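Input: one structure, supplied below.
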């Protein structure tokens, strides 16, 4: 049966510098702070229902209980996003790649990966 209406709610990142991570996600990527819990954690909104939860490393030590290889953010234009990020000296670590349909006739998605301040990989995805 599965989970009905399942959508990504948030991704939590244990940060070496909460200030640096807040600056990256707000000033560089342009997201807004949704909640600031007095340096316990900060929630940065991607949209009304999805956010990135930033924790100071000393407060939230994941301790090898799992690893997130990357998380993905849907964007309108990969080319425009990469042009903008280059003005902030942020360049793809992989990509851009253009994913084709099964019949190889159409590009269905373009992606590129950048790295955040805690070495988290962020996949930028443009769906067609």
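State whether one or more residues within region 43-50 are touching a helix residue (DSSP H, G or I) at 6+ places or on another chain (Cβ under 7 Å) and in contact (Cβ under 8 Å) with a residue 12 or more places away in the chain. Break it down stepwise before answering.
Here is the first cut: in region 43-50, the residues touching a helix residue (DSSP H, G or I) at 6+ places or on another chain (Cβ under 7 Å) are 44.
Now restrict to residues that are in contact (Cβ under 8 Å) with a residue 12 or more places away in the chain: 44.
For region 43-50, residues touching a helix residue (DSSP H, G or I) at 6+ places or on another chain (Cβ under 7 Å) and in contact (Cβ under 8 Å) with a residue 12 or more places away in the chain: present.
For residue 98, only one of the following conditions fails: (1) loosely packed, with under 13 Cβ neighbours inside 10 Å; (2) touching a residue at least 12 places away in the same chain (Cβ under 8 Å); (3) over 15 Å from the mean Cα position of the chain (by Cα). What is its number?
So the condition that residue 98 fails would be (1).
What number of residues within region 79-114 are assigned to a strand (DSSP E or B) and on the phi < 0 side of the Ramachandran plot?
Residues meeting the conditions: 14.
Every read-out reported here was derived from the displayed coordinates using simple, explicitly stated rules and does not represent laboratory data. What you see is a predicted model, and the numbers here were worked out from it, not measured in a lab. Using ideal geometry, Cβ is built from the backbone for each residue, glycine included, and neighbour counts are taken over all protein chains shown.
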